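Reading through the structure tokens given below for one structure.
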Amino acid sequence: MPALINGKTLATRLREELGQQVSRLRERHGITPGLAVILVGEDPASQVYVRNKATQACEAGMASFESRLANRVTQAELLELIKRLNRDPRVHGILVQLPLPSQVSQAQVIRAIAPDKDIDGFHPLNVGLMATGNPSLVPCTPLACLLLLKHQLGELSGRHAVVLGRSNIVGKPLASLLLREHCTVTVAHSRTDNLAALCRQADILVAAMGRPGLVRGDWIKPGATVIDVGINRVAEEGRTRLVGDVDFASASQVAGAITPVPGGVGPMTIACLLLNTLHAACRQHGVPVPDDILSRAWGDAATSPA
Ligand code: GUN
């Protein structure tokens, strides 16, 4: 059997460590990191994500500010709320849960968030800083994947990573982070020819295409490390079940290590959001960022040009 990469346990450990850092920040500097989450509409999955983010922020000793807006909210109303949160000194991180309804421009909303409060790392300034190997806020799901890979493999240099999916939230930023770690990176997507043969070349395979069970055991090089970012709700015998983009039963016969769904990338993503909020708070107050694991969130290592 392959090693199971237990995201739930690692996330619990990271959250405990963050909780200690938050206490220290409050005792020494009188700062309580604050996370503001905006949810538009009533999508059940988004409601669960937002509730989990707020609860875990509170458990780590952070302040949590939640705004719920009706699905018919106008762009001007949403931008006004973001402006208010940008100015609010109690708020160090702002997250607008995606997707947004069609009357609102996602690009304009992301651009309205102050870059130093952009704990999703989606603002074009942060995207550009990360792509050029400069310190920036880094998107949470790719950061979660990177921390899981480093935990499992240690040094990533020289490994061939195949990233399935080219979204702005996962695939593209993860490719930047893996390049910075000196991986050889291939980004593949739904129009890539012969996905299976390409995947079989991967030492590290990350599945983020939103296609349930796409990656089967015969797509995987024996011993490869497989990270499953997919969270797909499938109906089965009158109930819904969460499944990843990887067919766990067959993949786990071949992989060297694999993340489960649920309990893999998901819990680490929320822990990384808290990590980014702590970093943002430190940066905004000119306080040194606490320690080595935490400094990874800002990508302090520069990419070598070679
Ligand atoms: N919706 C799905 N993933 C994400 C994410 O990482 N950030 C935000 N803001 N919305 C999402």
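When region 225-248 is filtered for residues that are among the charged types (D, E, K, R), in contact with a strand residue (DSSP E or B) (Cβ under 6 Å, 6 or more places away or on another chain) and under 21 Å from residue 170 (Cα atoms), the ones remaining, listed by number, are 228, 233, 245.
The set of residues in region 75-91 that are touching a residue at least 12 places away in the same chain (Cβ under 8 Å), more than 14 Å from residue 111 (Cα to Cα) and more than 16 Å from the ligand (Cβ to nearest atom) comprises 88, 90. Scanning region 112-137 for residues that are more than 11 Å from the ligand (Cβ to nearest atom) and not in a helix (DSSP H, G or I) gives 114, 123, 132, 133, 134, 135, 136, 137.
Identification of strands (runs of 3 or more DSSP E) wholly contained in region 205-244 with 1 or more residues that are without any contact (Cβ under 8 Å) to a residue 24 or more places away in the chain and β-branched (Val, Ile, Thr) yields 232-236, 239-243.
Is it the case that region 147-159 has a residue that's surrounded by fewer than 24 Cβ atoms within 10 Å (Cβ to Cβ), polar (S, T, N, Q) and within 12 Å of the ligand (Cβ to nearest atom)? Within region 147-159, none of the residues are surrounded by fewer than 24 Cβ atoms within 10 Å (Cβ to Cβ), polar (S, T, N, Q) and within 12 Å of the ligand (Cβ to nearest atom).
Considering 180, 166, which residue is of a type in the set (Lys, Arg) and in contact with a Lys or Arg (Cβ under 8 Å, 6 or more places away or on another chain)?
Result of the check over 180, 166: 166.
Only one entry in 216, 200, 211, 233 is surrounded by fewer than 18 Cβ atoms within 10 Å (Cβ to Cβ), among the basic types (Lys, Arg) and at pLDDT below 95, namely 233.
Within region 28-66, the set of residues being of a type outside the set (A, V, I, L, M), touching a strand residue (DSSP E or B) at 6+ places or on another chain (Cβ under 9 Å) and without any contact (Cβ under 8 Å) to a residue 24 or more places away in the chain comprises 47, 51, 55, 58.
Scanning region 138-162 for residues that are touching a Cys at 6+ places or on another chain (Cβ under 6 Å) and part of a loop (DSSP other than H, G, I, E, B) yields a count of 2.
The values are calculated or read from the model by the stated rules, or taken from the named source; none is laboratory data. The model shown is predicted, which means the values in this text are computed figures rather than measured ones. We place every Cβ from the backbone using ideal geometry, glycine too, and count neighbours over all the protein chains shown.
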